[in-house]
Amino acid sequence: MLDGRTTLDLVIGFLGLLMILAALWSVLSKRLLSSVLLSGAVSLLASLVFLALGAPDVAMTEAAIGSALTTMVFLYSLSRMKVEQDAHEDGGAS
Amino acid sequence: MMKKVLLLAAIALLAFALWPFVRDVGLAEPGELATAYLERGPAELGTANVVTSIVVSYRGFDTLGEVTVLFTATAGVGGLLARRKSGHGRKKAAERGATDASEILKTASRLLSPLLVLFGVYIFLHGHLTPGGGFQGGVIIATAVLIGLLADPEAGLAHGVMHLVEGLSGFAYVALGAVGLWFTGVQAGFLDPRFLPLGELGRLASAGAIPIIYSLVGLKVGAELTGILDAMKEDAE
């Protein structure tokens, strides 16, 4: 029978392992889009860890800012980079 | 190859150095200051959520600093992006060759956006009772606007209203802090919320001025983050 402390350790260990995997995948990924989405996933998992540790205030901030807003800001920058790249390629071709 | 080995060694060293903190997580007794906050917060300020009593009152000056940092960041983003786009007007979505949002996204955003705004307002109004507060509520409001922007790329924001909300709530926040300085008697400090009655622990109208201060912070953060998202979106087009 597991006591509360061991269960908490297991949950945090599992989430931490997922976080490390997602972070590594995000760094090693060749596509920028997957990198951005995976770094958002790291934040989401971090917010779950905070929740498991009994810090709901921090968890809410991490989930809302880390995984929603930051990801969106990165996605907008990514689409802006694409627009500039396309314009550059068009200018070079003509 | 050498670089990768060194990198792995650095990560392992860092993990080893941080291991004691991870091992003892949740076990350590709160220190003297933390114990004082935990014991005195509810009695002194009437907040059921101790985190809020620290963020808004005991460490209220730090929160004012955070709000200032966020304001500076927003002003920086807005200033840089506005200068860049002043040359050419906004193109219509069809001219850019952008595809329309799907019907599912449009319908869901119409349903979700108002609910999310309501949830954000709930979070910052209940900051002294339940987890969350001005920052979290403000971010949720910005997320609601973001969903609307995603579903309808042509949608524009009422910039005048947003600037008005941001400026007025920031001003009112500092003004309330000054009121706390002058009207709470001998032991008062800047941002002391006790010039309003503390009320009964756990009621919505309790904890002095904390709900008002946190609502102002929430409005300001919501308006600022919405402004950043809007600037990024218009610049990306």
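The values are calculated or read from the model by the stated rules, or taken from the named source; none is laboratory data. Just so it is clear, the structure is predicted and the values come from calculations on it, not from any experiment. Here the Cβ is made from the backbone with ideal geometry for all residues, glycine too, and neighbour counts use every protein chain on show.
Consider the range B:194-230 and keep the residues that are among the charged types (D, E, K, R) and closer than 16 Å to residue B:53 by Cβ. The one that is nearest to the other protein chains (Cβ to nearest Cβ) is B:203. With respect to the conditions (1) closer than 18 Å to residue B:45 by Cα; (2) modelled with pLDDT of 80 or more, residue B:140 falls short on a single one, namely (1). Screening residue B:163 with (1) assigned to a helix (DSSP H, G or I); (2) crowded, with 17+ Cβ neighbours inside 10 Å gives one miss only, at (2). When the range A:69-80 is filtered for residues that are in contact (Cβ under 8 Å) with a residue 24 or more places away in the chain and either of a type in the set (A, V, I, L, M, F, W, C) or facing chain B (nearest Cβ under 7 Å) (or both), the ones remaining, listed by number, are A:74, A:75, A:78.
Considering B:144, B:151, which residue is crowded, with 20+ Cβ neighbours inside 10 Å, within 14 Å of chain A (Cβ to nearest Cβ) and more than 28 Å from residue B:210 (Cα to Cα)? Working first, answer last.
Details: B:144 fails: more than 28 Å from residue B:210 (Cα to Cα).
Within the list B:144, B:151, the selection yields B:151.
When the range B:203-237 is filtered for residues that are assigned to a loop (DSSP other than H, G, I, E, B), surrounded by fewer than 21 Cβ atoms within 10 Å (Cβ to Cβ) and modelled with pLDDT of 70 or more, the ones remaining, listed by number, are B:203, B:204, B:205, B:206.
Out of all the residues in the range A:22-39, is one or more touching a residue at least 24 places away in the same chain (Cβ under 8 Å), at the interface with chain B (Cβ under 8 Å from one of its Cβ atoms) and surrounded by fewer than 16 Cβ atoms within 10 Å (Cβ to Cβ)?
If we filter the range A:22-39 for residues that are touching a residue at least 24 places away in the same chain (Cβ under 8 Å), which is where we start, we get A:32-33, A:36-37, A:39.
Next, from what is left, pick out any that are at the interface with chain B (Cβ under 8 Å from one of its Cβ atoms): none.
No, because not a single residue in the range A:22-39 is touching a residue at least 24 places away in the same chain (Cβ under 8 Å), at the interface with chain B (Cβ under 8 Å from one of its Cβ atoms) and surrounded by fewer than 16 Cβ atoms within 10 Å (Cβ to Cβ).
Confirm whether residue B:154 is under 22 Å from residue B:64 (Cβ atoms) and not hydrophobic (A, V, I, L, M, F, W, C). Before the answer, list the steps.
Numbers: under 22 Å from residue B:64 (Cβ atoms): no; not hydrophobic (A, V, I, L, M, F, W, C): yes.
Criteria not met by residue B:154.
Considering only the range A:6-21, how many residues are over 14 Å from residue A:49 (Cα atoms) and either exposed (fewer than 14 other Cβ atoms within 10 Å of the Cβ) or within 12 Å of chain B (Cβ to nearest Cβ) (or both)? Matching residues across the range A:6-21 total 1. Answer yes or no as to whether residue B:164 is in contact with an Asp or Glu (Cβ under 9 Å, 6 or more places away or on another chain) and more than 14 Å from chain A (Cβ to nearest Cβ). It is false that residue B:164 is in contact with an Asp or Glu (Cβ under 9 Å, 6 or more places away or on another chain) and more than 14 Å from chain A (Cβ to nearest Cβ).
Of all the criteria given as (1) within 10 Å of chain B (Cβ to nearest Cβ); (2) of a type in the set (Ser, Thr, Tyr); (3) farther than 19 Å from residue B:116 by Cβ, the one not satisfied by residue A:61 is (3).
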